[in-house]
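One structure is given here, and the rest of the page talks about it.
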Amino acid sequence: MPHQVDMADAVTIGLSNGERDLDGIIALQRANLEVTVGAESAARDGFVTVVHSREVLAAMHAICPSVLAKVGDEVVAYALVMPFECRPFVPILEPMFALLETLDLTPSAEVPSRPIARVPSYVMGQVCVAPAHRGTGLFDALYAAHREHFAGRWELCVTDVATRNTRSLRAHERVGFQRLATYTDATDTWVMVGLWLRIVR
Ligand SMILES: CC(C)(COP(=O)(O)OP(=O)(O)OC[C@H]1O[C@@H](n2cnc3c(N)ncnc32)[C@H](O)[C@@H]1OP(=O)(O)O)[C@@H](O)C(=O)NCCC(=O)NCCS
């Protein structure tokens with residue numbers, strides 16, 4: 001059984017488990033695509049870009065479960081886990097994985113200089129919070145659960161945020177993500193950000 005944290009408003013945070021959770025992720029994802037929410041809402045409240053087929057989601061989740069927030073059986077927020085083994089499943093993310101292979105972490109007081117390829121890391125593949133649950137702390141809770149479940153396995157959680165998605169950028173920086181790089185691909189201009197789940201010196 002996945003570990004569950006009860007929250008006051010009957011939202012539970014835990015790891016995905018089973019087919020129904022995949023359906024819930026897909027429903028929330030489809031509802032938050034830029035084409036679905038429209039340009040005005042996307043600029044104000046964010047949007048998701050990558051569309052995962054059910055087969056790809058199932059393959060990803062066979063490798064590692066994701067973190068979900070649920071009310072009963074309904075998925076109200078998710079933060080997907082995409083270990084490097086998932087690279088062949090999502091060709092649209094190839095520019096990100098290619099950059100990750102070559103990036104050097106900028107040395108800082110906190111983190112010694114290392115090529116990112118030598119840091120045990122994984123990609124947080126997509127995060128989404130249903131409109132009714134935004135601004136309630138769920139975003140922070142999803143990443144707290146990432147740290148809780150995955151810090152033993154990986155040091156660094158990496159994700160890409162479209163520079164246009166200012167709400168998401170702000171939320172990621174608030175929970176501690178640092179900017180690693182900026183790049184442009186066929187889809188958008190992205191900021192690659194990283195969150196240290198634990199610091200190894
Ligand atoms: C992006 C998303 C996951 C963030 O979750 P959330 O619950 O809305 O985030 P929060 O409300 O906790 O935090 C948002 C922060 O951005 C700020 N903010 C809100 N709208 C903003 C905007 N248009 N531009 C910049 N900052 C904005 C808020 O004030 C808050 O910052 P603060 O804590 O310093 O006050 C959620 O809005 C979402 O799912 N949006 C649609 C899908 C999406 O964009 N996913 C991310 C893909 S990278």
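Specify which of the listed residues (R118, R147) is at pLDDT 95 or above, more than 16 Å from the ligand (Cβ to nearest atom) and open to solvent by 40 Å² or more (accessible area, probe 1.4 Å).
Exactly one residue qualifies, and that residue is R147.
Is there any pair linking a residue in region 71-83 that is more than 12 Å from V127 (Cβ to Cβ) to one that is at pLDDT 95 or above and assigned to a loop (DSSP other than H, G, I, E, B), with Cβ under 8 Å and at least six apart or on different chains, and which?
So the pair list comes out as V76/A130; P83/C64.
So which of R201, R164, R170 ends up being within 12 Å of the ligand (Cβ to nearest atom) and part of a loop (DSSP other than H, G, I, E, B)?
Only one candidate qualifies: R164.
Under the condition of being of a type in the set (A, V, I, L, M, F, W, C) and more than 10 Å from V81 (Cα to Cα), which residue from region 121-135 is surrounded by the fewest Cβ atoms within 10 Å (Cβ to Cβ)?
Among residues in region 121-135 that are of a type in the set (A, V, I, L, M, F, W, C) and more than 10 Å from V81 (Cα to Cα), the one surrounded by the fewest Cβ atoms within 10 Å (Cβ to Cβ) is A132.
Are there any pairs, at least 6 apart or on different chains, whose C-beta atoms fall under 6 Å, with the first in region 169-193 and among the charged types (D, E, K, R) and the second open to solvent by less than 80 Å² (accessible area, probe 1.4 Å), and if so, which?
R179/V191; R179/V193; D185/P95; D188/A162
Mind checking which pairs have a first residue in region 129-157 that is under 21 Å from L105 (Cβ atoms) and a second that is within 16 Å of the ligand (Cβ to nearest atom) and of a type in the set (V, I, T), Cβ under 6 Å, 6 or more apart or different chains?
Hits for this filter: Y143/V175; H146/V67.
Taking only region 136-152 into account, find how many residues are part of a helix (DSSP H, G or I), touching a strand residue (DSSP E or B) at 6+ places or on another chain (Cβ under 9 Å) and over 23 Å from C86 (Cα atoms).
Number of matching residues: 3.
Residues of region 96-115 being of a type outside the set (D, E), open to solvent by 20 Å² or more (accessible area, probe 1.4 Å) and not in a helix (DSSP H, G or I), which ones?
L103, T106, P107, S108, A109, P112, S113, R114, P115
Checking the condition crowded, with 18+ Cβ neighbours inside 10 Å, within 13 Å of the ligand (Cβ to nearest atom) and closer than 20 Å to G18 by Cα, which residue from L138, L142, L93 passes?
L142
Somewhere in region 44-65, is a residue in contact with a strand residue (DSSP E or B) (Cβ under 7 Å, 6 or more places away or on another chain), more than 15 Å from the ligand (Cβ to nearest atom) and hydrophobic (A, V, I, L, M, F, W, C)?
Yes.
Residues that are more than 21 Å from A162 (Cα to Cα), at least 2 per element: which helices (runs of 4 or more DSSP H) completely within region 1-91 meet that?
Those helices (runs of 4 or more DSSP H) span 19-31, 54-63.
The values are calculated or read from the model by the stated rules, or taken from the named source; none is laboratory data. The model shown is predicted, which means the values in this text are computed figures rather than measured ones. FYI the Cβ positions are ideal-geometry reconstructions off the backbone, even for glycines, and counts take in every protein chain you see. Please note that ligands, DNA and RNA were not included when accessible areas were found on the heavy atoms of the full protein model with its side chains. Shrake-Rupley method; radii C 1.70, N 1.55, O 1.52, S 1.80 Å.
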